Amino acid sequence: MPLPRWLPASLAQRFALAAAGLAAAALVLTTLLAFWLIDGQRERALQALAERERQFRAAAVGSDLRALAERMQEIAGSTILATGLVDSAGRETYLSPFLGGIRQINGIRVQVLFTDFEGKEIARNSGAQFDAAQLVWLRRMLEQGQRAAQVFSGPRGAELVAVEPMVYSRTNSPEGALLYKIALADVNVGPGMRLEWGHRQHAAALAQTTPVPAPPVFQPLAFSVRGPLDEQPAAPLELPYVHVLGLTMLVFSALVLAGARLSRVLTEDLQRLERFSSEIMSSGLAAERAPEGGSTEVANLARSINDMLCRLDAQRGDLLAEREKLHQLTQALQQADRRKDDFLAMLGHELRNPLAPISAGAHILLKLAGNDPRVVRTSEVIARQVRHMTKIVDDLLDVSRVTRGLVTLEQATLDVAEVVAASVEQARPLIEGARHELSVSLPPQAVYVRGDRGRLVQVLSNLLSNAARYTAAGGRIVLRCEVEGDHGEDGGDRGDARARDGAAGELRLVVQDNGQGIAADLLPHIFELFTQGARSADRSQGGLGLGLALVKNLVELHGGWVRADSPGPGQGATFTIGLPRVAAPVLAPEPADAPAHTAVHPPARPLDIVVVDDNLDAAQTLAQWLQHEGHSVAVAHDGPAALQRAQAHWPQVFILDIGLPGMDGWELARRLRLMPRGAEAMLIALTGYGQQADRDRAREAGFQHHLVKPADPEALRRLLATAGAAHPPGAS
């Protein structure tokens, strides 16, 4: 709708008019509020006047009570009463007239009774009447020998009764007493006021009373003045509250209606802009533009929005193009990552195939060398390089498995000392070859962790090998095991106690060397894949930068952490592993078997063995090595040939490759197990596939053992010795 002519075009001026209208309404409300505050002030002033009146009356009552107490104290201390205690003849002569002259104090009638130490009456003033309860109370106070006061009920209402004991220096108990009372109705507390006593518990009652400043003898009675009782509440100001309330509601309603109407009028152009902003989200940036009309400010804002929409539309097109590129790049990276993992797995298999015949050939050369040192040396070089290549392949496959989350830990409770010993044993050839000094420090007590023994040995031996590799010949390497809380002798005692109690804590394995160190810029990235420090031109250190990445991932899989520290290049490095400790296990007695690494000699009776491998070199070299071990060996290069050979002559052992053409090794193993004598043979898988899934699948197919190419000759000897024990001489 068109705006009225009197309404300014500027939005600021419109808001000024609206603010003026709201200010007028606020003025009306402020006036009403001020009236309410003034009425409240008046009410509080009347309450203050009433409080001042009570204070004045309480002070007057206190003055009367103080005069009464002081006068009675003077009379009790007079010589006339002291003489009357011992002179019975003079009582009628001077004592009775003396007491009879005491009639009132400050206009309040007083009744007085003079008694001996037993409370028996000696004399009283005229008209004094004390009932039995008051006399009983008097005798009790005489026994206590103290000044006191009490309120009793009397014929005229409440009566204040007090006693003044007569105590002299020659005795400790009262010789007599002066008992006096007044009717509380005679105490003038003023019109509309009431004298009360006793402690009040309710806050409302306390707010309407004022305590009386009484002398000490009357203070326990807690006299107070209450009132005014008959005062009518202050008449309110002559204001028609109903009318004011009605007017307020009317003004409020008018302001609401006017404000709503005014807001619609003032913000009509803004509402158009708002509707446009809601529609633009569904119609797109290129289709619509904001209407440029209305107030000056809104028109300028609409033009700015339209310019922004044009720029956003252009940027949106650029972003869509970039997003498509990013999507394509992400897909390409994901595909490349999958191809990389598949390549690493296949690379491991393909590298192990040629390594198997090379390893077997090296062992055959070693057996055929005789006394020729050149052949022996060449065989040892070949075997050593095969082990090095096998280590590289294992690291590549481990990296692939760790990054894909395929590593499964075989958890067990392990003695850290055994893990350290096995790690040192693996790294010892490299350490001794470089003439390093190795220092190993273990805690005096046994310390246990929960983890995979092989993986922890791999972690620690990697760190030791790195220390040996990156330290100049003749260097020093320190391996120490620290238990959380070990600080000197006391710390050791505490750690020992925790070990005995089975308390959990943290274990730290520290590998420290004095080698070439780590640069500061490399230190934060030392555990990333393919990260290595500066190497010499001869690449004497070797490696692919995989070991520390494996260390970090394997330690974290065990719930631990690893940290690298180095003062700088040429100043050595320190690697620290933190692992959670566990309680010592309850171990069963260890069987008296031979150690795991004890060499086992070939069986006395040769075995019939069938080797199945499509790699001719690998099959022939393995067969030759087995023949030199004293066994009878037949070779087949595929599954059907192996089945035909088994039907013609059943052997005791089958050594099968998995990646066979046509019928793979798993299918061949299942078919061999289905043959009449299939349960008698030992099936050994010798393959380049070494992941846990491959081992599980081999076990399901019927293999008893799974070896990864190139096979460890000692491990193969032990398996064949087991087969020889299962098939002693004379067995078919």
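The values are calculated or read from the model by the stated rules, or taken from the named source; none is laboratory data. A quick note: this is a predicted structure, and the numbers were derived from the prediction, not measured. When we count neighbours, we look across all protein chains shown, and the Cβ atoms used for this are built from the backbone with ideal geometry, even at glycine. Note: accessible area is taken over every heavy atom of the protein model, side chains too, but ligands, DNA and RNA are not part of it. Shrake-Rupley method; radii C 1.70, N 1.55, O 1.52, S 1.80 Å.
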(request) At 1.4 Å probe size, with every protein chain present, just tell me what the per residue accessible area of the stretch 622-701 comes to in Å². (result) 44
(message) If packing is taken as the average count of other Cβ atoms within 10 Å, what order do 508-517, 472-481 fall into, highest mean first?
(response) 508-517, 472-481
(request) Take the alpha carbon atoms of the stretch 39-126, find their radius of gyration, then divide it by 2.2 N^0.38 Å using N residues; give the quotient. (result) 1.72
(request) Kindly sort 197, 137, 561 by accessible area of their heavy atoms, largest first, with the probe set to 1.4 Å. (result) 197, 561, 137
(request) Rank these by accessible area, largest first, 1.4 Å probe: 122, 358, 108. (result) 358, 122, 108
(request) Add +1 for every Lys or Arg and -1 for every Asp or Glu among the other residues with Cβ under 15 Å from the Cβ of residue 453, and state the total. (result) -3
(request) Pop the C-beta distance of residue 679 and residue 473 into the FRET formula with R0 = 56 Å and round what comes out to the nearest 0.05. (result) 0.50
(message) Using square roots of five times the C-alpha gyration tensor eigenvalues, list the equivalent-ellipsoid semi-axes of the stretch 668-714 in whole Å, biggest first.
(response) 20, 13, 7
(message) Could you give the length gained by full extension between residue 136 and residue 325, i.e. 0.36 nm per residue of separation minus their alpha carbon distance, to one decimal place?
(response) 56.8 nm
(request) Quickly work out the residue 435-to-residue 73 label distance, labels modelled 7 Å from Cα along the C-beta direction, and quote it in nm with one decimal. (result) 11.2
(message) Can you give me the long-range amide H partners of residue 131? Hydrogens built in the peptide plane at 1.01 Å from N, cutoff under 5 Å, separation of 5 or more residues or another chain.
(response) none
(request) Pull out the extension gain between residue 446 and residue 292, defined as 0.36 nm times the separation in residues minus the alpha carbon to alpha carbon distance; nm, one decimal. (result) 47.0 nm
(message) Skipping prolines and chain starts, which residues have an amide H placed within reach, meaning under 5 Å, of the one on residue 110, given they are 5 or more residues away or on another chain?
(response) 104, 105
(message) I'd like the accessible area for residue 523, computed on protein heavy atoms only with a 1.4 Å probe and all protein chains in place. Round to 10 Å², please.
(response) 50
(message) Which order do you get for 152, 654 if you rank them by accessible area with a 1.4 Å probe, largest at the top?
(response) 152, 654
